[in-house]
Structure formats: C-alpha cells, structure tokens
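Take a look at the structure set out below.
The values are calculated or read from the model by the stated rules, or taken from the named source; none is laboratory data. Computed from a prediction, not measured in an experiment: that's the story for all the values here. FYI the Cβ positions are ideal-geometry reconstructions off the backbone, even for glycines, and counts take in every protein chain you see. The area values use the complete protein model at the heavy-atom level, side chains included, leaving out ligands, DNA and RNA. Shrake-Rupley method; radii C 1.70, N 1.55, O 1.52, S 1.80 Å.
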Amino acid sequence: MESLCLPVIHPAIQKLKLSGSWLHLLAGLLILIHALSHLNGSGIHPVFLWCQVLIALDIIILVFAGRGLLASAPRINLFFRLVEVVFFAGIGIIMMGAGAYFSGIFHFCLSLSYLYLCYCERLAAQNEVLCFYHTGITLPGIPRHTFMIWTHINRVEAYYDSIRIETSSRQVYHFSFRKNLDYQELEQIHEFCEHYL
C-alpha cells in the first residue's frame, strides 16, 4: 500500500478564512481611529498622518468591495495582513520613542497578534490534506499539522463525502472531503484501517 493524501475541509481553517474580513475591518478602523486622534494634534508629520488615513481607507474599502477577493485570493489577504503587522509595529516604535510606553507596548502586542494570524493564514492557504501512511495519519490543523501513529487511533469511519477519526484519548476529528472519493480511494482507506487498526 502506498501513502494516500486527500484534500479535506478543516472547520477551524474555514472559520479563520471567513473571519479574515472582520479582522481586516478591525485593523482598518484601529488605524483610522489612531490617525484621527492625531488630526488636530501637533508633533505628528502630516505625511505620516495622511498615509495612515489612506492605508486605513484602503483596507476598509477592500473589506467591503472585495470580500470575496480576500477569501478566494489568500496572497492578497497575506499582503494586507503584513501591512497591518508593519503598521502596528511602526506605531509601537513611534510611541516608545515618544515615551508613551503603555501605548507602544499595546501596539507591539497588536502587531505580534496580527503576525501570528498571518502565520496561521499562510498555513491555511496551503492545501488542507489528510494523509494516510504506514506509520500513521497526518491531520491538517492550526497552527501546524498533527501526526498520529496508528496505536493512538481507535477508529476510522470513511465515507464517500467525509471521514471521522476517533483517537485513543477520545478526541473525534470529522472532516468533509473537498470532492467525493472514488471507490478505489475509499477502498484504500479501508485497507489501511484493516491492516493497522
């Protein structure tokens, strides 16, 4: 038996993809609020101020006009996520330099959280695959894939459209396939299970 990798739909990864627009909207609003809070203040360069406004409006317009684009084009999503990371880190540096340490640390934390989100979205942009090997099964996940050896798996129920995996620790994983399996693929899964379970 050769290894078998099948594209699946992971519920957590799908949830992350769907929430991406709302997270971009939050970042755009935070950037806009930050810019508007300095609109009448002195000490901020006007070019920096209006760049903040333009970046915020660009992100907000993208969320409303290109909602489908963000979900279907993960590279554009990652680009804007990196813009948000750099922007919040830049605000953090400026605030720390101005002596506003609490605000600087807050913006650094925002930058780190968006960086982690960017990392997770990059993983989500890769194919979500469930793989069967002689040594075990690889399950897709966030922030990384999980490999389980056969001795940690109690039961596998495979159907043409979905699969259910129960582990020895009583965790249950349920995935839908991106496309229905053909007869040969389903039989190969059954052969793995008969041989190793």
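Details
- Residues of the range 113-142 that turn out to be more than 24 Å from L181 (Cβ to Cβ) and open to solvent by less than 40 Å² (accessible area, probe 1.4 Å), as a count: 6
- Verdict on A71 being within 13 Å of H24 (Cα to Cα) and at pLDDT below 75: yes
- Restricting the range 42-53 to residues that are part of a helix (DSSP H, G or I) and open to solvent by 20 Å² or more (accessible area, probe 1.4 Å) leaves a set whose member that is modelled with the lowest pLDDT is V47.
- In the condition set (1) over 30 Å from C118 (Cβ atoms); (2) under 26 Å from the mean Cα position of the chain (by Cα); (3) polar (S, T, N, Q); (4) open to solvent by less than 80 Å² (accessible area, probe 1.4 Å), N154 is compliant with all but (2).
- Check on R144, more than 26 Å from the chain's Cα centre (by Cα) and touching a residue at least 12 places away in the same chain (Cβ under 8 Å): no
- Pairs with Cβ under 6 Å, 6+ apart, first in the range 169-190 and within 16 Å of C131 (Cβ to Cβ), second open to solvent by 100 Å² or more (accessible area, probe 1.4 Å): L181/Y160
- Restricting the range 1-41 to residues that are under 19 Å from F64 (Cβ atoms) and modelled with pLDDT under 80, the residue that is most open to solvent (accessible area, probe 1.4 Å): L18
- Scope the range 80-94; condition open to solvent by less than 30 Å² (accessible area, probe 1.4 Å) and among the β-branched types (V, I, T); matching residues: V85, I91
- F177 satisfies every condition listed in (1) modelled with pLDDT of 90 or more; (2) under 30 Å from L30 (Cα atoms); (3) open to solvent by less than 30 Å² (accessible area, probe 1.4 Å) except (2).
- Residues in the range 85-99 include at least one that is touching a Cys at 6+ places or on another chain (Cβ under 7 Å) and modelled with pLDDT of 85 or more.
- Test: I60 is within 21 Å of I76 (Cβ to Cβ), part of a helix (DSSP H, G or I), modelled with pLDDT of 80 or more and not polar (S, T, N, Q): yes
- The set of residues in the range 95-106 being assigned to a helix (DSSP H, G or I) and open to solvent by 20 Å² or more (accessible area, probe 1.4 Å) consists of M95, M96, G97, Y101, F102, S103, I105, F106.
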